[in-house]
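Structure first, then comments.
FYI, it's all coordinate maths here, none of it is from the lab. Keep in mind that this is a model prediction, so the values were computed, not measured. Here the Cβ positions follow ideal geometry from the backbone for every residue, glycine too, while neighbour counts run over all protein chains shown.
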Amino acid sequence: MDDLPDVIQQRLASRQRSIINDPRQRRAAVLLPLYRDGDETYALFTKRTEAVEHHKGQISLPGGAEDKGDSGPLDTALRETEEELGVPRDQIRILGALDDVYTVVSGFVITPFVGVIPHPVPLRVNPDEIADVLSVPLSTFRDPTKLRIEERDRAPGERIQVYFYYHGRHEIWGATARIMKGFIEAVFGTVQP
């Protein structure tokens, strides 16, 4: 679908985004980078090293904590994407923002942005932060057989749903899976396992 970026942009612009204003939580931002290869649209993920401060070894979207010099969450997402993957900000077409997401364990509020990157784009991966880069077809997240949901206790009397997506031997879960589920629902509608 060649017009998918336009569809995504329209659908994200036509909805009310959920914003979390919680001064107790640190702010972070990520980019959901999409690219087209042949007939398929892919999402680009990073696998974090064991040396990073948070989310060691997990599959995540490029991004991180807001720095004092950042002009806002979009600036954070673009800066971090360039630092982690070497994708210049002027080569990213931002399609819109998704709902803010809490990270349950590390105490961040993440603002996710969706963007299109050129393909092929030469990546300059930061080996201190990124152990691997993973391309996952967007169709994976639309396939109900690739989604598992668990109910877990977060606090006394509070239960949350934890999402898990599977692509080959890789498990995408936690805040990254919540961001992907929110993206799929915002653009394509609800997918149930």
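Please order VAL114, VAL187, VAL104 by the number of other Cβ within 10 Å, starting at the fewest.
With the sparsest Cβ surroundings first, the list reads VAL104, VAL187, VAL114.
Starting from the 7 Å offset along Cα-to-Cβ, what nm value, one decimal, do you get for the label separation of ASP37 and SER14?
So the label points at ASP37 and SER14 sit 3.1 nm apart.
Can you give me the pair-distance distribution of the range 88-190, C-alpha pairs, 5 Å bins, whole percents?
2, 9, 17, 20, 23, 16, 7, 3, 1, 0
Would you work out which of VAL162, ALA28, LEU138 lies farthest towards the positive end of the dipole of the chain, given +1 charges on the beta-carbon of Lys and Arg and -1 on that of Asp and Glu, about the Cα centre?
In the chain, that residue is VAL162.
If one computes the Cα centroid of the range 138-193 and of the range 77-111, what distance in Å separates the two points?
That distance is 19 Å.
Before rounding to the nearest 500, sum -39500 (n - 2.57) across all DSSP H runs of length at least 4 in the chain and divide by the residue total; then give [θ] at 222 nm in deg cm²/dmol.
Only helices count here, giving -6500 deg cm²/dmol.
Figure the gain on full extension for ARG154 and ASP22 (residue separation times 0.36 nm, minus the Cα-Cα span) and round it to one decimal in nm.
45.8 nm
To the nearest 20 Debye, how big is the dipole of the range 4-140 about its Cα centre, given +1 on the beta carbon of each Lys and Arg and -1 on that of each Asp and Glu?
Around 360 debye, computed over the range 4-140.
On alpha carbon coordinates alone, what is the Rg over Rh value for the chain, Rh being the Kirkwood radius?
0.93
Subtract the Cα-Cα distance of SER139 and ARG169 from 0.36 nm times their separation in residues, and report this length gain in nm to one decimal.
Between SER139 and ARG169, full extension yields an extra 9.1 nm.
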